[in-house]
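A short worksheet on the structure shown next.
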Amino acid sequence: MEMVKIMCGLKGTGKTKELIKMANEDIKTSDGDIVFIEDNSEYILNLNHNIRYINAMEFDIKDTETFHGFLCGIIAEDYDIRKIYIDGLYNIVKLQNRKLKNFLDELEELGEKFNIDFVISVSCDPKEVSNELENYII
């Protein structure tokens, strides 16, 4: 079972609104906590107040290693987390499509270890996503 899912779409296609909708629906039935990590504070008021909101840009995240450590810190602080939404991954971490698979594989391992699902929005043309990422796409 895939612990990581990505939502691909070009800028302005409604990825953020869809992630917020999904998170707000999930919190109603979740048996644990939900975290929503974003690259700004624009939509904070649209999230259910029971969802932990984090503006990643308030932290000095330089690369995928730093972001992985950041996620581990969040998980270590709350072992009841069952789902982490990440909106605007490419704005949080400077990452090219060709390196995305390695990062998703790392998140998959983290998700399996702590029983956490990740849902991530990525600004890219879905038609340009490589075949090796097909299993991750929702």
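The values are calculated or read from the model by the stated rules, or taken from the named source; none is laboratory data. Fair warning: this is a prediction, and the values are worked out from it, not measured in the lab. For neighbour counting, all protein chains shown are included, and Cβ atoms are generated from backbone atoms with ideal geometry for every residue, glycine included. Only protein heavy atoms, including side chains, enter the accessible area calculation; ligands, DNA and RNA are left aside. Shrake-Rupley method; radii C 1.70, N 1.55, O 1.52, S 1.80 Å.
When we measure straight from the Cα of LYS94, which lysines land under 30 angstrom away, once same-chain ones fewer than 8 places off are left out? Those lysines meeting the cut-off are LYS5, LYS11, LYS15, LYS17, LYS21, LYS62, LYS83, LYS113, LYS127. Once backbone amide H atoms are built at 1.01 Å from N, ILE6 has ILE120, ILE137, ILE138 as its partners under 5 Å, excluding neighbours fewer than 5 places away on the same chain. The solvent-accessible area of CYS8, taken with every protein chain present and a 1.4 Å probe, is close to 20 Å². Of ILE138, ILE116, the residue with the largest accessible area leads and the full order is ILE138, ILE116 (1.4 Å probe). With a 1.4 Å probe rolled over the protein heavy atoms of all chains, the accessible area of GLU38, GLU2 falls in the order GLU2, GLU38, largest first.
Residue ranking by accessible heavy-atom surface, 1.4 Å probe, largest first, among THR29, THR13 comes out as THR29, THR13. Given a 1.4 Å probe and the protein chains as shown, MET57 ends up with an accessible area of around 100 Å².
Of ILE84, ILE51, ILE92, which is the most mobile in a GNM of the chain whose springs link Cα atoms less than 10 angstrom apart? So, out of ILE84, ILE51, ILE92, the one fluctuating most is ILE51. Taking only protein heavy atoms and a 1.4 Å probe, the accessible area of region 24-85 is 45% carbon and sulfur.
Taking a point 7 angstrom from the Cα of ILE138 along the C-beta vector, which residues in region 101-131 have backbone N less than 11 Å away? Hits in region 101-131 for ILE138 at 11 Å: 117-121.
What the phi angles of region 131-138 give under the Karplus curve with 6.51, -1.76 and 1.60, with θ = phi - 60°, is a coupling list of 4, 5, 9, 3, 5, 8, 7, 10 Hz, glycine and proline written as x. From its DSSP helices (H runs of at least four residues, each -39,500 (n - 2.57)), the chain gives a residue-normalised ellipticity at 222 nm of -11500 deg cm²/dmol.
For the chain, hydrophobic long helices are taken as DSSP H runs at least 18 Å long by C-alpha position along their axis with mean Kyte-Doolittle hydropathy of 0.5 or more; these are 64-77.
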